[in-house]
């Protein structure tokens with residue numbers, strides 16, 4: 001017999017989805033709070049929509065980790081050096097593109113870039129979105145093979161980290 005392990009987890013609050021928009025579930029915008037993924041052993045069937053909810057929690061955790069890491073890098077610079085810098089936005093956009101490999105997560109990537117750099121643009125989200133539109137042509141996309149390679153690399157790094 002297999003055991004089902006249930007751990008009591010805090011309730012996950014995701015932002016509400018506007019039903020009037022045609023935005024799909026995979027493009028739901030997720031807040032950047034770190035959440036714990038429940039460790040549940042499944043033996044037969046899964047609940048409807050559970051995979052999507054777990055995926056949303058993973059993207060939220062990736063986003064939180066990314067914000068922590070990018071802030072460490074940006075804190076190396078003086079705020080006045082990076083103020084209104086379009087190369088900063090392009091740099092963060094490229095890093096987000098390499099960091100979040102889930103297809104159809106453009107809205108979450110945009111929100112993550114805005115959250116990362118808005119302090120250098122007087123906390124104005126609209127200004128950052130305008131700069132994103134201006135430098136979007138210069139963004140280098142991560143193609144299929146590179147994305148798969150990054151996934152494999154992350155997997156083996158995670159396995160190695162768990163062994164230590």
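The values are calculated or read from the model by the stated rules, or taken from the named source; none is laboratory data. Source: prediction; values computed, not measured. Cβ coordinates were reconstructed from backbone atoms using ideal geometry, including for glycine residues, and neighbour counts include every protein chain displayed.
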Next item on the list: Give me a count of the residues in the range 68-94 that are assigned to a helix (DSSP H, G or I), touching a residue at least 24 places away in the same chain (Cβ under 8 Å) and surrounded by 15 or more Cβ atoms within 10 Å (Cβ to Cβ).
Entry: 9
Notebook entry, point to check: Which of the residues belonging to the range 81-98 are over 17 Å from the mean Cα position of the chain (by Cα) and under 19 Å from residue 63 (Cβ atoms)?
Noted result: 88
Next item on the list: Please go through the range 111-123 and pick out each residue that is surrounded by 13 or more Cβ atoms within 10 Å (Cβ to Cβ) and over 19 Å from the mean Cα position of the chain (by Cα).
Entry: 120, 121
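Every residue, every condition in (1) at pLDDT below 90; (2) farther than 28 Å from residue 142 by Cα, yes or no:
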| residue | (1), (2) |
| --- | --- |
| 18 | yes, yes |
| 40 | yes, yes |
| 60 | yes, no |
| 72 | no, no |
| 83 | no, no |
| 94 | no, no |
| 105 | yes, no |
| 114 | no, no |
| 118 | no, no |
Next item on the list: Please enumerate the residues belonging to the range 99-110 that are over 9 Å from the mean Cα position of the chain (by Cα), part of a helix (DSSP H, G or I) and either over 14 Å from residue 67 (Cα atoms) or in contact (Cβ under 8 Å) with a residue 60 or more places away in the chain (or both).
Entry: 106, 107
